[in-house]
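The values are calculated or read from the model by the stated rules, or taken from the named source; none is laboratory data. This is a predicted model, so every value here is computed, not measured. Neighbour counts run over all protein chains shown; Cβ positions are idealised from the backbone, glycine included.
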Amino acid sequence: MSSLSKIIRKEVKELLTPATLIPIIVIAVLFGSLGGVFGGIDEAMEEAPRVAIIDQDGGLMSQVAVAVINFSAEIVYDGDDVQEALNALDEQDGVSLFIIPSNFTADIMSDRPGTIEAVWIMKGAGIMDSLPGASVESVLMGVDHAISFALIENNITDNASLILGPTQLTESTVFKGKTMEGISPILISSMMSSQSFVMPLIVMMVIIYAGSIVISSMGTEKENKTLETLLTMPVSRTSIVFGKLVGAAIVGLLMAVIYMLGMSYYMDSLMGTASFDMEQYGLALGITDYALVGISLFAALVFALALCMILGIFTKNYKAAQTMTMPVTFLAMIPMFVTMFTDFDTLPMAAKVMVFAIPFSHPMIAMRALMFDDYVLVLSGIAYSSVAALLVMFAAVTLFKKDILLTGKVSNSDRKSKVPLVALLQTIARKRRK
């Protein structure tokens, strides 16, 4: 075997360890599972939207409008009761209820735009959740074109403005139990998308930054041999683990406080520039809500720090520590992308379970959930993240008592109660004290 091949074999053996392979395999499986969440966009766009119609007019122009809607969409209700129409839409995942008032045809014949009342059923605030609404908007454009054609074909009017815009839309949106008059789903989605993009990104950055500090610290201590000196001190390894975790958690708490102050200012600025009064519809957060978001972030941070400490145990030096941040990065990226493009409530059950199982998800979805008073989801997320953090901390304490702490790999001496090198150093330290 040549010298080059020996070096290559040595490097591959050092880099290709279970500590690096297992997290990557797990993340690959998770990303593969997410394919079903984001797949089928083309099919969703091609599928006819489900709508309900209440025609109170029955005139020529309303008949044209109903014919276009019936051709371009799937009608789930065609009657005269609003509540029955809303119930049918809810049962069949419908998008909107269109109400054509009794004066619709008369207004158009009198050179006034006819009014169509739209009641939008909004399931989620994610980008993918807005696809059915976009399809319905194209249906409404088809209604305008058909009525314009009828006006020109029958020489009903020569009013250019009426021909270009024969209808006008009055909108209200039903979203998570709240009815918002005069607001379209586009306005709500634009407001939600601002915090949906910023919040997950900031949470991911805070988690990655705090986690890289812990892993790099472990790698530096191993490289500088300060960890071996620390283990010779008359301090239990459990105390060392909790000391490191509490210190890192204090830093994480400081990050969480700074983060929440920044988010509070950001949300106040967002509400000031919004085209509608968010507080009027109960979409503002109070002090308790911000405190819950901060607690959720802190619990996720503690989990991240404990997980990074375990990964740091497998590192041999500072250079190796840089690559160990990848599993945490990928694990934080999954909920970030999911919460950016979808709403947690509209995810399939399997995807919900997967997202909920990642503690980093909960601070990302907490603010949107609290806007709609979903305290159960937020509090259960905090409880789950706290339990997960305790379990990972226990695993870190267990690994701290093994040879792997100094060697970076499992060895036969793990069956013994002490690492040989540490036992030797402790013996020398006792002799010097005598």
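So that you can scan it fast, the table gives a plain yes or no per residue for (1) modelled with pLDDT under 80; (2) touching a helix residue (DSSP H, G or I) at 6+ places or on another chain (Cβ under 7 Å):
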| residue | (1), (2) |
| --- | --- |
| Thr339 | yes, yes |
| Ala350 | no, no |
| Val353 | no, no |
| Ser361 | no, yes |
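For the stretch 96-141, which residues satisfy the criterion of being of a type in the set (S, T, N, Q) and modelled with pLDDT of 85 or more? Of everything in the stretch 96-141, those that are of a type in the set (S, T, N, Q) and modelled with pLDDT of 85 or more turn out to be Ser96, Ser102, Asn103, Thr105, Ser110, Thr115. Only one of the listed residues (Val12, Val68, Val51, Val26) is in a helix (DSSP H, G or I) and at pLDDT 85 or above. That residue is Val68.
Just wondering, is there one or more residues in the stretch 76-91 that are crowded, with 19+ Cβ neighbours inside 10 Å and in a loop (DSSP other than H, G, I, E, B)? Within the stretch 76-91, none of the residues are crowded, with 19+ Cβ neighbours inside 10 Å and in a loop (DSSP other than H, G, I, E, B).
Residue-wise test of (1) within 30 Å of the chain's Cα centre (by Cα); (2) closer than 24 Å to Phe330 by Cβ.
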| residue | (1), (2) |
| --- | --- |
| Ile208 | yes, yes |
| Ile213 | yes, yes |
| Ser216 | yes, yes |
| Thr220 | no, yes |
| Lys225 | no, no |
| Val235 | no, no |
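Within the stretch 299-330, the set of residues being more than 17 Å from Leu399 (Cβ to Cβ) and at pLDDT below 80 comprises Asn317, Tyr318, Lys319, Gln322, Thr323, Thr325, Met326, Thr329, Phe330. In the stretch 92-102, what residues are crowded, with 17+ Cβ neighbours inside 10 Å and not aliphatic (A, V, I, L, M)? Scanning the stretch 92-102 gives Gly94, Ser96, Phe98, Pro101. In the stretch 155-255, counting only helices (runs of 4 or more DSSP H) that sit wholly within it, the ones holding 2 or more residues that are at pLDDT 75 or above and touching a Pro at 6+ places or on another chain (Cβ under 9 Å) span 160-164, 185-223.
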